[in-house]
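Report on the following structure.
The values are calculated or read from the model by the stated rules, or taken from the named source; none is laboratory data. Values in this document were obtained by computation on a predicted structure and should not be read as measured data. Cβ coordinates were reconstructed from backbone atoms using ideal geometry, including for glycine residues, and neighbour counts include every protein chain displayed.
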């Protein structure tokens, strides 16, 4: 296949990424009209079969590719408005996408990135082997954007966001993804060199460093994907109605209402995606 | 949660919701004014529209090289077709912008703003 989208889903005790991936795939398929494949692991597939989502997934996905679950010891807090819960976070195998993708040109997206427009379609033919989103774009704006949302550390590089990545399968991108793997393997060493906090492995940081190295240790003008328009996990997706996503945005300890329609949005509060799952699925029909 | 949402709909939050809705709308229109062509990316703005129109006026309408957003040279084989495309996109995006912006301006409550 020439082009398509790839999603990764490795469930943990708190979040059913596989269920989210079905929604994300349906939205992407509806708005971009390209096939979507899923990369997952045997235990997630078992859960999909048990929870009866596997048959739906088999219809929605072009291919379901089963690989080993990454052995990450990443624990992180998953926010749901004002509350948090800790859970393991298995996302350390993104570099495998180069080997596993069935497409020549791949758009890799996170399962919490909801494609509600055809905006990303204009990037398939851009003359660049690797496109990554270079900026975080908070729904509120710069007021709520911290330095560590835009840089890998207080003294480090500008951060790329691995939420959306598009690449052509060739030698150049093979080297890039091998480099991402290398950064992951030597994460502590790179944290000393690039002065970032290594406690949690972040794909965004590994991708940013790999890009920096591939660009000859400098920042250059190049094509990028659009900013990652985001709603944080302190915010809540409150309601989905008339093709509109209504949010409660946490700002300076109070709540502001906002809505999003026909615009791709990174909804970091995964619990609120699951709570509104049925309505969101209707949006994807 | 319902109580918090009700509170957020209070008119005292109107300006903040208005600002978010306006920002989101502006970004949506900016995306529509971004045009991928022949491997390059163009921002459809007044400068590009005028430049293309001027080239056609000067009888330079075939095999023209135009610099894109990254200053990369992009070959446009048929500039008249290119002009039609960017003018169509410009008018449809700006018309939508105007229409949606009027709706935002006329929405006199947070609840109405959310429906735009």
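Only one of the numbered conditions (1) assigned to a helix (DSSP H, G or I); (2) surrounded by 14 or more Cβ atoms within 10 Å (Cβ to Cβ); (3) over 18 Å from the mean Cα position of the chain (by Cα) is violated by residue A:149, and that is (3). Of the conditions (1) closer than 30 Å to residue B:13 by Cβ; (2) loosely packed, with under 12 Cβ neighbours inside 10 Å; (3) touching a strand residue (DSSP E or B) at 6+ places or on another chain (Cβ under 9 Å), residue B:102 clears all except one; give me its number. Looking at each condition in turn, residue B:102 falls short on (3).
Restricted to region A:118-146, and to residues that are part of a loop (DSSP other than H, G, I, E, B) and closer than 26 Å to residue A:190 by Cα, which residue is farthest from the other protein chains (Cβ to nearest Cβ)? The selected residue is A:146.
Here is a yes/no grid of residues against (1) in contact with a helix residue (DSSP H, G or I) (Cβ under 6 Å, 6 or more places away or on another chain); (2) closer than 30 Å to residue A:254 by Cα; (3) free of Cβ contacts under 8 Å to residues at least 60 places away in the same chain:
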site: A:36; (1), (2), (3): yes, no, yes
site: A:52; (1), (2), (3): no, no, yes
site: A:60; (1), (2), (3): yes, no, yes
site: A:82; (1), (2), (3): no, yes, no
site: A:90; (1), (2), (3): no, no, no
site: A:110; (1), (2), (3): no, yes, no
site: A:118; (1), (2), (3): yes, no, no
site: A:129; (1), (2), (3): yes, no, yes
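Restricted to strands (runs of 3 or more DSSP E) entirely inside region B:7-93, those with at least 3 residues that are at the interface with chain A (Cβ under 8 Å from one of its Cβ atoms) are B:34-37.
Residues that are out of contact with any helix residue (DSSP H, G or I) (no Cβ under 7 Å at 6 or more places or on another chain) and either under 21 Å from residue A:138 (Cβ atoms) or at pLDDT 95 or above (or both) within region A:198-211 comprise A:200, A:202, A:204, A:205, A:208, A:211, listed in sequence order. Of all residues in region B:40-69, those being within 29 Å of residue A:220 (Cα to Cα) and touching a strand residue (DSSP E or B) at 6+ places or on another chain (Cβ under 7 Å) number 13.
If the condition is being farther than 24 Å from residue A:244 by Cα and crowded, with 19+ Cβ neighbours inside 10 Å, then region A:115-127 contributes A:123, A:126. Applying the condition of being assigned to a loop (DSSP other than H, G, I, E, B) and in contact with a helix residue (DSSP H, G or I) (Cβ under 8 Å, 6 or more places away or on another chain) to region A:258-279 and asking which residue is nearest to the other protein chains (Cβ to nearest Cβ) yields A:263.
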